Amino acid sequence: MTPAQGGPRAAVFDLDGTLIDSGPDIAHAVNRSFVAHGLEPADEAVVIGLIGNGAHRLVADLLWRQRIPAAPSDIDVLTAAYLESYADAPVARTTIFPHVAEDLAALRAAGWRLGLCTNKPQALTETVLAKLGLDHLFDAVRGADAVPARKPDPGHLRAVIADLGVREAIYVGDTEVDEATAQAAGMAFRGVGWAAPGRLSQGESRPLSRLSDLLA
């Protein structure tokens with residue numbers, strides 16, 4: 001499904017890896033929490049390759065890669081420590097991908113309604129958007145803890161679309177999680193051309209070179 005012809009045009013975006021390059025800050029924060037709990041830090045590239053399923057899953061996946069058995073309560077403790085560390089300096093090395101800010105502004109100027117659907121916690125999402133000067137560009141924002149179930153549950157994306165006051169939207173992302181979410185919600189999906197290799201299916205053959213390609 002795509003935005004109805006003649007109806008409100010809408011796009012919903014993932015955040016990390018789609019609009020912003022936040023991998024270095026996420027990796028630093030999670031490694032800082034691991035070291036504080038006597039664990040080995042992970043290579044930054046490994047951490048970045050696991051981003052997309054939310055904080056709890058990121059911690060669990062990193063523990064699995066280190067072959068460290070962990071009870072659910074241990075994962076909860078490490079996740080809380082990671083998010084606390086991340087909140088201390090969420091945009092120290094984070095950058096906005098080229099042309100993203102201007103293209104989002106161009107979409108708004110053309111009458112598009114814009115939403116954000118991210119597995120980052122809501123308060124942290126709002127902080128990051130504000131610090132990067134992107135917060136005014138979105139009509140609806142839903143983080144992982146602002147919905148009953150997060151991506152890839154389609155209810156997450158549908159909640160953002162409902163907040164936008166439209167029935168349909170294009171979802172734009174950079175990972176298999178985003179792609180699966182759009183598919184489950186019955187919405188059109190476009191991947192970004194700067195997505196990491198292997199994070200989108202081979203069938204995703206129309207990557208966006210810029211977000212403004214949506215205007216074509």
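Taking the condition of being farther than 25 Å from Ser212 by Cβ, acidic (Asp, Glu) and buried (at least 19 other Cβ atoms within 10 Å of the Cβ), how many residues in the range 149-176 meet it? Spell out how you get there, then give the answer.
Just the residues of the range 149-176 that are farther than 25 Å from Ser212 by Cβ, to begin with: 149-150, 152-156, 158-159, 162.
The next check asks that each one be acidic (Asp, Glu); those that pass are 153.
Now restrict to residues that are buried (at least 19 other Cβ atoms within 10 Å of the Cβ): none.
Residues meeting the conditions: 0.
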Count of residues meeting criterion [charged (D, E, K, R), farther than 24 Å from Leu200 by Cβ and at pLDDT 90 or above] in the range 52-80: 2
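Is it the case, given these coordinates, that Arg150 is closer than 30 Å to Met187 by Cα, modelled with pLDDT of 95 or more and assigned to a loop (DSSP other than H, G, I, E, B)? Before you say what the answer is, go through the steps one by one.
On the way: closer than 30 Å to Met187 by Cα: yes; modelled with pLDDT of 95 or more: yes; assigned to a loop (DSSP other than H, G, I, E, B): yes.
When the stated conditions are applied, Arg150 passes them.
If you check Ala216, Ala196, Ala146, which single one turns out to be among the small types (Gly, Ala, Ser), open to solvent by 40 Å² or more (accessible area, probe 1.4 Å) and farther than 23 Å from Gly111 by Cβ?
On the way: Ala216 fails: farther than 23 Å from Gly111 by Cβ; Ala146 fails: open to solvent by 40 Å² or more (accessible area, probe 1.4 Å).
Unique residue meeting the criteria: Ala196.
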Restricting the range 64-115 to residues that are of a type in the set (Lys, Arg) and closer than 30 Å to Met187 by Cβ, the residue that is nearest to the chain's Cα centre (by Cα): Arg113
Residues of the range 25-62 that turn out to be open to solvent by 20 Å² or more (accessible area, probe 1.4 Å) and of a type outside the set (Gly, Ala, Ser), as a count: 18
Filter result for the condition that a residue is in contact with a Lys or Arg (Cβ under 8 Å, 6 or more places away or on another chain) and β-branched (Val, Ile, Thr), over Val147, Val192, Val128, Val141: Val128
Test: residue in the range 116-126 that is over 15 Å from the mean Cα position of the chain (by Cα), open to solvent by less than 20 Å² (accessible area, probe 1.4 Å) and not polar (S, T, N, Q): no
Test: residue in the range 94-101 that is open to solvent by less than 20 Å² (accessible area, probe 1.4 Å) and within 16 Å of Asp174 (Cβ to Cβ): yes
Candidate set from the range 169-216 (those that are of a type in the set (Asp, Glu) and part of a helix (DSSP H, G or I)); member that is nearest to the chain's Cα centre (by Cα): Asp178
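Report yes if some residue within the range 81-94 is farther than 15 Å from Gly23 by Cα, modelled with pLDDT under 95 and not β-branched (Val, Ile, Thr); otherwise report no.
Let us first name the residues in the range 81-94 that are farther than 15 Å from Gly23 by Cα, namely 81, 84, 88.
Checking the rest, the ones that are also modelled with pLDDT under 95 come to none.
Taking every residue of the range 81-94 in turn, none turns out to be farther than 15 Å from Gly23 by Cα, modelled with pLDDT under 95 and not β-branched (Val, Ile, Thr).
The values are calculated or read from the model by the stated rules, or taken from the named source; none is laboratory data. Keep in mind it's a predicted model, so treat the numbers as computed, not measured. Cβ: placed from backbone, ideal geometry, glycine included. Neighbour counts: every protein chain shown. Note: areas computed on protein heavy atoms with side chains; ligands, DNA, RNA excluded. Shrake-Rupley method; radii C 1.70, N 1.55, O 1.52, S 1.80 Å.
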